[in-house]
Number of protein chains: 2
Amino acid sequence: MKRSRKFIVVFGCGRIGSAIASVASMKGHNVIVVDKDERSFRRLSSEFSGFTVVGDAAEFETIKKSQVANADIVFALTNDDSTNYFISVCSRYIFGVEKVVARVYDPAKAKIFEESGVEVVCPVTLMVEKLRFYIDGGDKL
Amino acid sequence: MKRSRKFIVVFGCGRIGSAIASVASMKGHNVIVVDKDERSFRRLSSEFSGFTVVGDAAEFETIKKSQVANADIVFALTNDDSTNYFISVCSRYIFGVEKVVARVYDPAKAKIFEESGVEVVCPVTLMVEKLRFYIDGGDKL
């Protein structure tokens, strides 16, 4: 079984953010999802039972009102690496969030995030890891 | 040890395409990498020893001159799903390539590729799979 109910804040309600927010909500966690464009919340599953916050995550006020101070996990998943860095650093160092996970598009920037105690998921790195198997002779992953 | 030397054609020399072409070349395979923008080849590793072709992969002539007919593996990694579909279908059905792997940005389109005998790697799906582990309580993957 999973651990107890967590409080999860997701910044960015694009394809990835909406999927993660929906999954977390369906698993019974408390979820707040944040995006500057209200229409992006349409991507959430119809069973999503968390809260939505409209605001620009590049502004400190948005991060504060998204109740990051109470979060067990913060996901920084906007489509902008700089905004994700701002979210991550505020969450870790101002609000003391233990677990911060950021999407980083530019693999060269991953180290900067990691040195700030942020866990990184990089789509380019994931894709290259996956594709290497085909070269190595795997027929299917 | 790996299987014998393969002939690999990579369409799209962006971050992902250039990384895969470089890896394949360093592993001793014969590689052709194709992009419509000649400057993109700067991304290739300095040890890349394959060939480059400048051309628009949305045009049949480009696919033909990229020697797809002789390929063991074709990677369709441009940043456009429709172009990747065109590359994939031409490679599979006109040139008879056994193994065609395509990057598909829109997860909803993955099935269409798969029904055409093309293996799909989708960055959104990979990211969501990876991020789910944090929700499920994993501290680190």
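Each eigenvalue of the Cα gyration tensor of segment A:1-121, multiplied by 5 and square-rooted, gives one semi-axis; in descending order these are 21, 16, 14 Å.
In a DSSP loop and with at most 16 other Cβ atoms within 10 Å, the trypsin sites (Lys or Arg not before Pro) in segment A:35-141 are A:Lys140. For segment A:9-79, the dipole from Cβ point charges (+1 on Lys and Arg, -1 on Asp and Glu) about the Cα centre works out to 180 debye, to the nearest 20.
For segment A:119-128, the Karplus equation 6.51 cos²θ - 1.76 cosθ + 1.60, evaluated at θ = phi - 60°, returns couplings of 7, 10, 10, 10, x, 5, 4, 4, 5, 5 Hz by residue, with Gly and Pro reported as x.
Here, the protein assembly as shown is characterised by an Rg to Rh ratio of 1.03, where Rg is the alpha-carbon radius of gyration and Rh the Kirkwood radius.
Pairs of Lys residues in chain B are counted when their Cα atoms are under 20 angstrom apart and they lie 8 or more places apart or on different chains; the count is 14.
Backbone phi angles across segment B:88-104, fed through the Karplus curve with coefficients 6.51, -1.76 and 1.60 (θ = phi - 60°), yield HN-Hα couplings of 5, 5, 4, 5, 5, 9, 9, 9, x, 6, 5, 10, 10, 10, 10, 7, 10 Hz in residue order; Gly and Pro are listed as x. Accessible surface for the protein assembly as shown, divided over its residues, is 50 Å² per residue with a 1.4 Å probe. Ligands, DNA and RNA left out, the accessible area of segment A:7-135 computed with a 1.4 Å probe is 48% carbon and sulfur. Think of segment A:7-135 as a dipole: +1 on every Lys or Arg Cβ, -1 on every Asp or Glu Cβ, centred on the Cα centre; then among A:Phe11, A:Val53, A:Phe133, A:Phe133 lies furthest on the positive end. Derived scalar couplings between HN and Hα for segment B:8-25 equal 10, 10, 10, 9, x, 10, x, 4, 6, x, 5, 5, 5, 4, 5, 4, 4, 5 Hz in order, rounded to whole Hz, by the Karplus curve 6.51 cos²θ - 1.76 cosθ + 1.60 (θ = phi - 60°), x for Gly and Pro.
A crude spin-label estimate for the pair B:Ser49 and A:Phe51, with each label 7 Å from Cα along the Cβ direction, gives 6.1 nm. Adding -39500 (n - 2.57) for every DSSP H run of four residues or longer, then dividing by how many residues the protein assembly as shown holds, sets the calculated 222 nm ellipticity at -9500 deg cm²/dmol. Computed over neighbours whose Cβ is under 15 Å from that of B:Ile112, the net charge equals -2, Lys and Arg +1, Asp and Glu -1.
Label point of B:Phe133 (7 Å along Cα→beta-carbon): distances to the other copies' equivalent points are 1.3 nm, sorted ascending. Each chain gives up part of its surface: A and B jointly bury about 3600 Å² of accessible area, both sides summed, for a 1.4 Å probe.
Inter-copy label distances at A:Ala108, using a point 7 Å along Cα-to-Cβ, come to 3.5 nm with the shortest given first. Overall, chain B carries a charge dipole of about 500 debye about its Cα centre when +1 sits on the Cβ of Lys and Arg and -1 on the Cβ of Asp and Glu, all other atoms neutral. Within the shell of other residues whose beta carbon sits under 13 angstrom from the beta carbon of B:Ile94, the net charge comes to +1, with Lys and Arg scored +1 and Asp and Glu -1. Taking Lys and Arg as +1 and Asp and Glu as -1, the other residues whose beta-carbon sits under 15 Å from that of A:Ser82 total -2. Summing Cβ point charges (Lys, Arg +1; Asp, Glu -1) relative to the Cα centre of the protein assembly as shown gives a dipole of roughly 640 debye.
Legend: calculated FRET efficiency, B:Arg5 to B:Ser82, from the Cβ-Cβ distance at R0 = 25 Å, rounded to 0.05, equals 0.20. Sorted from closest to farthest, the other copies place their A:Glu59 label points 4.8 nm away, with each point set 7 Å from Cα along Cα→Cβ.
In this label model, A:Glu61 and B:Glu38 are separated by 5.1 nm, measuring between points 7 Å along each Cα→Cβ vector.
Exposed loop sites were defined as GluC sites (Glu not before Pro) in DSSP loop states (anything but H, G, I, E or B) carrying at most 12 other C-beta atoms within 10 Å; in chain A the longest segment without such a site runs A:48-97.
The values are calculated or read from the model by the stated rules, or taken from the named source; none is laboratory data. Note that this is a predicted model, so its numbers are computed, not measured. All Cβ positions, glycine included, derive from the backbone under ideal geometry; neighbour counts span all protein chains shown. Areas reflect the complete protein model, heavy atoms only, side chains present, ligands, DNA and RNA absent. Shrake-Rupley method; radii C 1.70, N 1.55, O 1.52, S 1.80 Å.
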